[in-house]
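Before any comments, here is the structure.
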Amino acid sequence: MLDTLIKYAAVYLSSMIKFVFGPITGLAQDLSFWETALFTVLGMMTAVLIITLLGSKARAWLITRLKLEHRFTKKSERLKEIWSKYGIPGIAFITPLLLTPIGGSVLAIMLGGSRKKIIKYMFLSAVLWAFTISFVFDRLGAAVFGF
């Protein structure tokens, strides 16, 4: 029983840091597709909730600390383009693949997203990607990764 809880915690904590680490850890721990997907979603959403609950205070601190109001780079311009074209759904969609749950949440807050919309779209994205990636790893894991 304790061994199973440790496996769940490994998936949960790793997906808080980098989303795709959850399914990789679940595959390595020999967890089922459903277990891996569930704890991957829970891990990402915990990180998202923590960041969004800090919300405006974190945004104000980050802007002053990192002097983000006046920084223009190709990367920041690209992210602003994604934001203006697709909004929170676009940021949420790319977060599991390209960003971290923390990074995607901070970005959505800094670009002015509302707390409710950030949580809603991050949850939908987490479910979509957790089940997709976990399914692929579950079906192809042994052949590709040797687990």
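The values are calculated or read from the model by the stated rules, or taken from the named source; none is laboratory data. Note that the structure is predicted; figures quoted are calculated from it, not measured. Note that we place each Cβ from the backbone using ideal geometry, even for glycine, and neighbour counts take in every protein chain shown. All accessible areas refer to the heavy atoms of the entire protein, side chains included, with ligands and DNA or RNA removed. Shrake-Rupley method; radii C 1.70, N 1.55, O 1.52, S 1.80 Å.
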Problem - Backbone HN-Hα couplings from phi across the range 42-48 [Karplus 6.51/-1.76/1.60, Hz, Gly and Pro as x] - result: 4, x, 4, 5, 5, 4, 4
Handout entry: Efficiency of FRET between Asp30 and Thr132 - r from beta-carbon atoms, R0 25 angstrom, step 0.05
Key = 0.80
Exercise for the section: Would you kindly state how much longer the chain becomes between Leu5 and Phe123 on full extension, computed as 0.36 nm times their sequence separation minus their alpha carbon distance, in nm to one decimal? Expected result: 40.2 nm
Practice task
Roll a 1.4 angstrom probe over the protein heavy atoms and tell me the percent of accessible area of the range 81-144 that is carbon or sulfur.
Solution key: 69 percent
Practice task
Rank-order 11-24, 110-123, 86-99 by packing density, defined as the average count of other C-beta atoms within 10 Å over each peptide's residues, highest first.
Solution key: 11-24, 86-99, 110-123
